[in-house]
Amino acid sequence: MTSIKVLIEGYAKEMKKGWLASSTSCLIESEGKKIITDPGCNREKLMDALKKENLKTSDIDYVFLSHCHPDHILLAGIFEKSKFITFDTNLMYDKDLLVQFDKHVLGKDIEIIETPGHVLEHLSLLVNTSKGKIAVAGDVIWWVEGERQVLDINQKDHSQAKGMDMKNLIESRKKLLSMADYIIPGHGKMFKVERSWQK
Amino acid sequence: MAEVKILVQGYAKSSKEYELASSSSVLIKEGSLNIVIDPGMNKVLLLKALKKENLSPEKIDYIILTHTHLDHSMLTGMFNKALVLDDTSIYSFDGKNSSHEGKVPGTSIKIIKTPGHDPFHCSVLIRTKKYGTIAIAGDVFWWPDSDENKVKKDPKFLIALKDPYMKDKKQLIESRKKILKIADWIIPGHGKIFKVEK
């Protein structure tokens, strides 16, 4: 059976100058493979979390990166044996080899979904577990610290990065809500999808 | 004065099923600081090249990413003591980031915005005694290995280079013109360093 665990709950705090931010990182285990999603940029937290799971960086088979922002990807390179699934023209990286991937390359219980909007190249995961379908949303949905975490599909994107497209973002949010029972946001707490939101 | 060394010459080979690529990785030494631009994703080549310079990853103070495509940025996490710079910001591995002023702090190394291949693309400029201004251009200029001998180094040809992955053609052309004007030598993202014909 496929399982998913939040290793680090992502955070994002706007400072006077800049941000204090790192992404939500999850560990997925499926078909004997170990997958890390969005390793983020907080080295201490990530290493502590791996240690708690009794894992070494070399135990990870795949790293999934939802998109290219540094607060999601800077630590990707510490997983020395991993293959990398990315946004980047949807190529899988294996050392210096780049190949196209199928949406079920991570396993039959895990679907890779295109979710543009926050940036043009953005991917999410839908993981089929015994608890239901759990979406690893990346920054399709995310909150800043202190904000009330109530879903509003029209909510503006806090970063307003280049390449942000509100229309695409709303479509991607709708897509995840229609498919998932639970959503793990890029920064913030996991939440349950209420049926009434899916209309 | 700064010293510039190409650690790995960027390459890009392709067949029908796959591509094989890693970016040009460049070391700049200025004063007591060591800066690596685009660590790429070939760990074996990068570590070997650093060793030749008597360096290990923890001796690197700054990493500059011309952009975050993984063939340029993948190995960033290996440099556990480094701060990371992109087109606008400087990041540390405790999750902090703030904006920079177009320079690597404490050095003469300039970071200029060069969008087009990617909207967040930047290039690095450094003045040296021997070669004048060197631009580490990332994928503002790049070509597959098979084209190495076909690429003419005159500005007209270089401005018109095809880039199948570009996001904005107009911006890319502007960025190319900007670099050709400033630089005496250019290190492309994938391909051999070349002198700019003025």
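Listed cross-link partners B:K177/B:K198; A:K51/A:K131; B:K5/B:K48 are compared with a 18 Å cut-off, the Cα-Cα value being larger for A:K51/A:K131. Rounded to the nearest 20 debye, the dipole size of the stretch B:1-70 about its Cα centre is 280 debye, using +1 on the Cβ of Lys and Arg and -1 on the Cβ of Asp and Glu. Counting Cβ atoms of other protein chains within 10 Å of each Cβ in A:77-86 and taking the mean gives 3. Kirkwood hydrodynamic radius computed over chain A comes to 16.8 Å, based on all pairs of distinct alpha carbons.
As a proxy for reagent exposure, B:I90, B:I179, B:I64 were ordered by neighbouring Cβ count within 10 angstrom, fewest first; the result is B:I90, B:I179, B:I64. Of interest is the spacing of the C-alpha centroids, which for the stretch B:1-77 and the stretch A:144-160 amounts to 37 Å.
Helical runs assigned H by DSSP (4 residues or longer) give chain B a calculated mean residue ellipticity at 222 nm of -4500 deg cm²/dmol, each run adding -39500 (n - 2.57) before division by the residue total.
Shape summary of the protein assembly as shown, radius of gyration then Dmax from alpha carbon positions: 20.8, 68 Å. Top mean-square fluctuation among B:H67, B:H117, B:H100, Gaussian network model of chain B, C-alpha springs under 10 Å? Highest fluctuation of the listed residues: B:H100.
Across A:K167, A:K133, A:K175, mean-square fluctuation computed from a Gaussian network of chain A (C-alpha pairs under 10 Å connected) peaks at A:K167.
What order do you get for B:L20, B:L65, B:L180 when you list them from fewest to most C-beta neighbours inside 10 Å?
B:L20, B:L180, B:L65
Report the charge-dipole magnitude of the protein assembly as shown in Debye, nearest 20, computed about the Cα centre from +1 at each Lys and Arg Cβ and -1 at each Asp and Glu Cβ.
The dipole magnitude comes to about 900 debye.
Shown is the FRET efficiency for B:K81 and B:K178, computed with R0 = 22 Å from the Cβ-Cβ distance and rounded to the nearest 0.05: 0.10. The modelled label-to-label distance for the pair B:E53/A:V105, using points 7 Å beyond Cα in the direction of Cβ, is 3.1 nm.
Let me have the relative contact order for the stretch B:125-198, percent, based on Cα pairs under 8 Å that are six or more residues apart.
About 46 percent, as a whole number.
Modelled label positions at A:K156 and B:K170, each set 7 Å beyond Cα in the direction of Cβ, lie 2.5 nm from each other. In whole angstrom, the stretch A:67-126 maps to an equivalent ellipsoid with semi-axes of 17, 16, 11, each derived as √(5λ) from the alpha carbon gyration tensor and ordered largest first.
Largest GNM mean-square fluctuation across A:P185, A:P70, A:P116, computed for chain A with C-alpha springs under 10 Å, falls on A:P70.
Here, each number is a calculation from the coordinates, and none is a lab measurement. Just so it is clear, the structure is predicted and the values come from calculations on it, not from any experiment. FYI the Cβ positions are ideal-geometry reconstructions off the backbone, even for glycines, and counts take in every protein chain you see.
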